[in-house]
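Okay, so here's the structure we're looking at.
The values are calculated or read from the model by the stated rules, or taken from the named source; none is laboratory data. None of the values given here were measured: they were computed from a predicted structure. Please note: Cβ atoms are built from the backbone with ideal geometry, for glycine as well, and neighbour counts cover all protein chains shown.
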Amino acid sequence: MLNHPTLAKLEELRLFGMLRALNDQLQTPDCASLSFEERLGLLVDRELTERQNQRLALRLKRARLRQAAAPEDVDFRHPRGLDRTQFLSLCACTWIQNRDNLLITGPTGVGKTFLACALAQKACREGYTAHYARTGPLLGELTVARADGTHAKQLAALARLDLLVLDDWGLAPLTDMQRRDLLEVLDDRYDRRSTLVASQLPVEHWHEALGDPTLADAILDRLVHNAHKLPLQGESLRKQRGTTA
């Protein structure tokens, strides 16, 4: 068998998984005992696995998660009111498939951002697109986009995401334009895509924090009514780690 031309053609076709798998087979004498179909199956499996890994890496890169979090790393021992059964159910990503929202609330330091990033990471692993953003800076970017002519393009990009994570919700007062941008983002996503909000404020205080009663009604109507809620409580994890260090 003329191996070098075959390897070169696999590289030209950009079948790099099959190329590496064939190289491995050529260096493994035991592979000679396998049938043609078995060896071909191994080559195809390697190509598929590498392509899936590449797509996952690209989804994670585009997600821009603030923390390198995974569901497997979540600590259920800390007394913060995190229900293991509920969280593991959320990890199945059925709520994203059903285009529901998720609201994570609790005091600073209890791990809201970590949990949000862990769920977004799991969504990427399940094949969904995700993006993490702090609410204030995201709305600031949309304000700038109005001036440079990219506003519609950015809104369209946000609308296409399977999961949009909005962290630090309600930390700072919003301008009227920011409230309208927020409404437009959520209106584009309502009943089409999922939004995860993480906030120090309890949900019952969001209406007041948004400022304008009419726009607040419209924003929360598109966010809260089809949302799962994950309320947390307790002392800061940072404080606990600082004490035990």
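Read through the list (1) outside any helix (DSSP H, G or I); (2) free of Cβ contacts under 8 Å to residues at least 40 places away in the same chain; (3) among the aliphatic types (A, V, I, L, M); (4) touching a strand residue (DSSP E or B) at 6+ places or on another chain (Cβ under 8 Å), then give the number of the only condition that LEU196 fails.
That leaves (2) as the condition not met.
Identify, from the list LEU171, LEU161, the residue that is under 18 Å from ASP187 (Cα atoms) and either of a type in the set (A, V, I, L, M, F, W, C) or free of Cβ contacts under 8 Å to residues at least 40 places away in the same chain (or both).
Answer to the check: LEU161.
Select from region 139-162 the residues that are surrounded by fewer than 18 Cβ atoms within 10 Å (Cβ to Cβ) and outside any helix (DSSP H, G or I) and write down the one among them that is modelled with the lowest pLDDT.
That would be GLY149.
Buried (at least 22 other Cβ atoms within 10 Å of the Cβ), of a type in the set (Asp, Glu) and over 21 Å from the mean Cα position of the chain (by Cα): does that describe ASP167?
Considered against the rule, which asks whether it is buried (at least 22 other Cβ atoms within 10 Å of the Cβ), of a type in the set (Asp, Glu) and over 21 Å from the mean Cα position of the chain (by Cα), ASP167 comes out as no.
Mind listing whichever residues of region 35-81 are surrounded by fewer than 12 Cβ atoms within 10 Å (Cβ to Cβ), out of contact with any helix residue (DSSP H, G or I) (no Cβ under 6 Å at 6 or more places or on another chain) and part of a loop (DSSP other than H, G, I, E, B)?
Within region 35-81, SER35, ALA68, ASP75, ARG77, PRO79 qualify.
Here are some conditions: (1) under 30 Å from LEU232 (Cα atoms); (2) not in a helix (DSSP H, G or I). SER89 meets all but one. Which one does it not meet?
In the conditions (1) under 30 Å from LEU232 (Cα atoms); (2) not in a helix (DSSP H, G or I), SER89 misses (2) alone.
Quick check on my filter: what residues within region 108-161 are closer than 30 Å to ASP83 by Cβ, in contact with a helix residue (DSSP H, G or I) (Cβ under 9 Å, 6 or more places away or on another chain) and among the hydroxyl-bearing types (Ser, Thr, Tyr)?
THR108, TYR128, THR129, TYR132, THR135
Which of the residues belonging to region 92-105 are surrounded by 12 or more Cβ atoms within 10 Å (Cβ to Cβ), not in a helix (DSSP H, G or I) and not hydrophobic (A, V, I, L, M, F, W, C)?
Result: ARG99, ASP100, ASN101, THR105.
Quick check, is LYS153 among the basic types (Lys, Arg), out of contact with any Phe, Trp or Tyr (no Cβ under 6 Å at 6 or more places or on another chain) and under 26 Å from LEU232 (Cα atoms)?
The answer is no for LYS153.
Scan region 16-34 for residues that are more than 15 Å from ASN3 (Cα to Cα) and either in a loop (DSSP other than H, G, I, E, B) or of a type in the set (Val, Ile, Thr) (or both) and report the count.
Adding up the residues that qualify gives 1.
What are the pairs, 6+ residues apart or on separate chains, where a residue within region 80-99 that is touching a residue at least 60 places away in the same chain (Cβ under 8 Å) has its Cβ under 8 Å from a residue that is among the β-branched types (Val, Ile, Thr)?
ARG80/VAL110; LEU82/VAL74; PHE87/VAL74
So the check is Cβ under 6 Å with 6+ separation or different chains; which pairs have a first residue in region 206-225 that's not assigned by TED's automatic domain parsing to the domain that holds SER194 and a second one that's at pLDDT 95 or above?
Close Cβ pairs (under 6 Å, with a partner that is at pLDDT 95 or above) do not exist here.
From the list GLY234, GLY136, which one is surrounded by 14 or more Cβ atoms within 10 Å (Cβ to Cβ), more than 27 Å from CYS91 (Cβ to Cβ), assigned by TED's automatic domain parsing to the domain that holds ASN98 and in contact (Cβ under 8 Å) with a residue 24 or more places away in the chain?
None of the others qualify; the one that does is GLY136.
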